[in-house]
Amino acid sequence: MKWEKLKPPEPDDPMCCCECDMDQYGCCCDCEDLDEAFNRWLKDRPPKGGCQSPVRGAIVDKLEISMIPVLVSLPLLLRVAALHYLLGIIILTALPGLVLWYYYATHRKKRRTLFFLTLALFSLFYMYYLFITEILPRGDVSQLQQCTVTAGVILTVVCLIHTKRGPGLVTTSAHSHCQEANKDSTQCNGYIQSAASSGIAAELQTTKEALTAKWSTCPVCKIMRPSRAGHCRTCGSCVRRLDHHCIWINSCVGQANHRSFLLTLSVFLLTSLYGISVVLCSLCPRQHLMTALFYCPGVYSQSSMALCFTCAWYSSIVTGGLLYLLVVQVLNISFNVTEREAQLALRNKTGQSRLWGLVIDTGEYSRGFYQNWVEFLTMADASVSPRASLTDLV
């Protein structure tokens, strides 16, 4: 696969073979690999038979059939872990290592992959399925609690879809914006001089600094990009205010979707914590909520109760990992530093480690806790198109 194919489609420019010269054969999709496979097949053979191996290979590559064993084995492993608490400890401890081993064994050559995104969504819906089929029939869950958990799952998916609309890619038109910014900054000099005696001089000075921000040329894309933009090796594109490439959503986190990414994390964690508490209260009504996860007598007497208890542990492990990610994100925003800038500061030894190494303070963009959060919550996301194609959501 060529490097250019790793570039994600822009939200307002979806790729569809209905627009190409092969439309007369009725081939319509949103997959560029599948389009090229159809083109190669139609050049070699007349359009009489069905789709042959190139097309089938492109479909298999796009759908990632190799991850089906993981989706099948996950419920089986959880059911085996529910047989005994020692099996639960062994399997839940080894499960992250098994997933990573299978990922590197089957998806090592893939840069962008739906492996972790599909695994996360499958786990979310499987936990919700067990909640509906195993916990609700016990009669310990009220309708309000059921509606709360259901609403949390729906909101998590909605926020995830909004996050997937795009991180804010730097396009080739950024160079013209840079030239316009330089012209506007020249005009600001006259405005600032004329308004020096008024109260708006400071505001115009801030506008000038924003317009004259450092622009640089990406050594890979060869395009002009604004300050704090970075090139993602996985996506093959430059992203405005690049934070990091998140494998769990198969997308970069940048200026356009950073807020929605933080919202998705928060909604998921609240839903997960509330769901775990409801399950534990149903399985161990006589135990305190803080101790029910570690000591719940009689929970292994029934297979359904043991399975739900094991899944509560599985959800707790995932929640703990994402809670750490949320804490790091909140601290980075409080110091006005992105994850990419923190890694570069560590490499160049230009940042200071704060709060036991949870955050790296570069001191370059920080303007105080309050102003940092105001800047984050009000940063422009005009690069996001109001209409996103279905291919942008994967």
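The values are calculated or read from the model by the stated rules, or taken from the named source; none is laboratory data. All figures in this text were calculated on a predicted structure; none of them were measured in a lab. Positions of Cβ are generated from backbone atoms using ideal geometry, with glycine treated the same way; all protein chains shown enter the neighbour counts. When the accessible area is computed, the model is the full protein with side chains, heavy atoms only, and any ligands, DNA or RNA have been set aside. Shrake-Rupley method; radii C 1.70, N 1.55, O 1.52, S 1.80 Å.
Numbers below:
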item: Which of 310, 118 is most accessible, then next, and so on - probe 1.4 Å; result: 118, 310
item: Accessible surface of residue 111 - all protein chains present, 1.4 Å probe, nearest 10 Å²; result: 130
item: Accessible surface of the stretch 304-386, 1.4 Å probe, proportion on carbon and sulfur as whole %; result: 62
item: Neighbourhood net charge (11 Å Cβ-Cβ; Lys/Arg +1, Asp/Glu -1) for residue 303; result: 0
item: 27 Å Cα-Cα threshold exceeded, pairs from 110/214; 109/222; 109/164; 110/349; 110/164; result: 110/214; 110/349
item: Calculated FRET value between residue 99 and residue 172, using beta carbons and R₀ = 41 Å, to 0.05; result: 0.60
item: Largest to smallest accessible area among 237, 353 [probe 1.4 Å]; result: 353, 237
item: Residues whose placed amide H lies under 5 Å from that of residue 244, excluding near-sequence neighbours; result: 253
item: Where 258, 231 fall by accessible area, highest first, once all protein chains stay in place (1.4 Å); result: 231, 258
item: Evaluated over the stretch 298-377, the Cα radius of gyration and Dmax, each in Å; result: 19.1, 58
item: Other-chain or far-sequence residues with amide H under 5 Å of residue 171's (modelled H); result: none
item: Probe 1.4 Å - accessible area at residue 251, Å² to nearest ten; result: 10
item: Exposure of residue 248 as accessible area (Å², to 10), given a probe of 1.4 Å and all protein chains; result: 110
